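Structure, as structure tokens:
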Amino acid sequence: MSDRPWMNRALTSEARAALVLGEMTREEKLILVNGHIGNPSPNLPKPPDGGMGSAGFVQGVERLGIPFQQQTDASLGVANLHDGVGSTALPSGLAQAASWDEALVEAGGAMIGAEARAKGFNVMLAGGVNLTREPRCGRNFEYLGEDPLLAGVLVGASLRGIQSNHLVATIKHFALNAQETGRMVLSAEIDEAALRESDLLAFEIGIERGRPGSVMTAYNRINQTYAAEHDFLLGQVLKGEWAYPGYVMSDWGGCHSTEASALAGLDQESGQEIDKEPYYQALGEAIDAGRLPAARLDEMVGRILWAMFEHGLFDHPNQPGEAIDREAHLDAAQRAAEAGIVLLKNDGLLPLSREVGSIAVIGFSADIGVLSGGGSSSVVPWDGFARAFKPESNSRWASYLRQRYLPSSPLKTLQAAAPDAAMRFNDGTDVAAAAALAAQCEVAIVFAEQWTSEFIDVPGLSLPNGQEALIEAVAKANPNLVVVLETGGPVTMPWLDQVPAVLEAWYPGGRGAEAIGAVLFGEVNPSGRLPLSFPRSEADTPNPVLPGIEQERGKFDVTYPEGADVGYRWYARTGRPPLFPFGHGLSYTSFAYANLVVDDGEALAVSLDVTNTGERAGADVVQLYLTEADGRPTSRLLGWAKVFLEPGETKSVTIAAEPRLLADWDLDAGGWRIADGAYGIAIATSATTPVLRAEARLSGADV
């Protein structure tokens, strides 16, 4: 250790990074700020040696014992198949967010982090927390919904889980990457207060709770400046006000300059072969010419080294080939899916009896698998995809698009759950045949789907490929119809009044069918709650027409009429009732709330009793909302508690309000400010369904 004093674990990460930095030549420092693609392409410049055939890598410095950074996608599992072996696919980010379960999300992060480590990776490009401003966004499925508190808390949990395996995790995409259409060129236009109170708040909470080693910038511009060159976001807010100690990396193809990026706060150019030129290869020249201070390069490298020490990359080198307990990990994925399935509607049809005589199972691929989202978060399962094909698309990214299904068969799962039932299948492409089959069975289940992917946005919120007509026809043929939705976000439902039961299963992951079957037959009592609103139509959304969709090419601006009032706040502000509100979700049991006690003054907390008044054990999500501030109606989630109760059981729960959700951003003071006065609050079962109301009095304070 005497020749490498930075390997002394008794020292702080800051001290260890400084010791290494003091021994590095400029050439060695430049190695750490230049990231490369991991999957070489004949259409791109050849990267240096050392990649694992994954998302990317950064070379190490053998002389000083600095390890390579081997980087893999993404938030839902190890998406890069460098070893030719599959991985465990978690359910989508929205499915995990629908659990409202911090511990469960952290366990999922720990699971995928363990697999990344076992495959030889030490940087996981996971931690997506862009708020759902645009319901048609192709990447909504990766993220955690529309509320900054829920999304921030849960992404922090995922980051903690991933980094428990001695990896660096990466919160992304900083910031306002709310749509895929024009993502490389659009400018997201928003005022500072609205940005602070929404998207930046989600990142702030996530970074506080998850302490990620890295932050990844977005592709888009914000108020005309590219995210990777944004001094306000990177220098002033992230590294200044938030005192973030880690490093900032660009997204692949998201760096546009040398000095402008470095001076703004970008520390590492990722996948530089994809950029128009390898900008950070010119950092040494910029320093020699006086365009960039040498101290800035030291800061960049110091931040990278700090993250590598802080998260164990030096002390716990990964060991490719570590054993992975596939069954245990698939069990974890199933638990996550079960917790995230949302029962949207139930007129008494569910749960199904295992004694049911016959079931018509209808839906494209419902006999072989469950749908998976596309792009960099698409995880290749252990035994390969059940089906994969290239959908029709006019996108310039069409060559990257594959619609894929994980090998978890709903049909086989339902057969196992009700072995005595006559199980009959139709893929739904012939509507008349599907309706005729449904008419012959006691119960019909339609598996309806909406595929979404990175690179493209969906053209609308209706179910594609004639599925709405299919559902309406089957509903007429059989009144005992369950619609199971596998979607990447909200969809409209013109058929809703004709259907007694609707289950939102999202993209349910590697054991998705098993999770769906457990909920349908009551083995699992559904406890999922929506992490975003389902609008009645595109006309009710802040931007009824997807910005940029009619534009051939070139830069354009996207404005956000909702400002800070993303999702359910927009519906409350405009008086537009959603189809299903944020926080909504039904159960096979019932719950009652009583004895609300408010503890107010300098802070706010509430306590209350929750009772399971039904006949089944189940979990409830008790939600605390701000309903009035300064005499003005409003709607903000302040906190929540998820509680499991046996039939007849009562538990007392306490919910502490997040102070920043009680506050507003004071532009003049440059900080959060809680005004003195009375505040209306409510315990609710969704953003639109208050159950207990109260008033709190708070003294003015800076948060």
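Things worth noting here:
- Sorted largest first, the spans of the alpha carbon positions of the range 1-150 along the three principal axes are 52, 44, 30 Å.
- The separation of the range 3-59 from the range 675-703, counted between C-alpha centres, amounts to 49 Å.
- Cα-based reach from K119 at 14 Å (exclusive), listing aspartates and glutamates while leaving out same-chain residues under 8 positions away: D73, D83, E322, D325
- Restraint check, K46/K239; K239/K555; K172/K555, Cα-Cα greater than 27 Å: K46/K239; K239/K555
- Eligible lysines near K476 by straight Cα distance, threshold 21 Å, same-chain separation 8 or greater: K345
- MRE, 222 nm, helices only [DSSP H, n ≥ 4, -39500 (n - 2.57), over the chain, to nearest 500]: -7000 deg cm²/dmol
- Taking every DSSP beta bridge that has both ends in the chain, the antiparallel portion is near 60%.
- Highest mean packing comes first when the peptides 558-567, 372-381 are listed by Cβ atoms within 10 Å, giving 372-381, 558-567.
- Extended-chain gain in nm, criterion 0.36 nm per residue less alpha-carbon gap, E241 and R616: 130.2 nm
- Taking the chain and dividing mean pair separation by its residue count, relative contact order in percent (alpha carbons under 8 Å, at least six apart): 14
- Area accessible to solvent at D383, 1.4 Å probe radius, in Å²: 140
- Simple spin-label estimate for D676 and S607 in nanometres, 7 Å along Cα-Cβ: 2.9
- Point-to-point label distance, E62-L692, nm (Cα→Cβ direction, 7 Å offset): 6.6
The values are calculated or read from the model by the stated rules, or taken from the named source; none is laboratory data. Owing to the predicted nature of the structure, the values given are computational and were not obtained by experimental measurement. Using ideal geometry, Cβ is built from the backbone for each residue, glycine included, and neighbour counts are taken over all protein chains shown. Note: areas computed on protein heavy atoms with side chains; ligands, DNA, RNA excluded. Shrake-Rupley method; radii C 1.70, N 1.55, O 1.52, S 1.80 Å.
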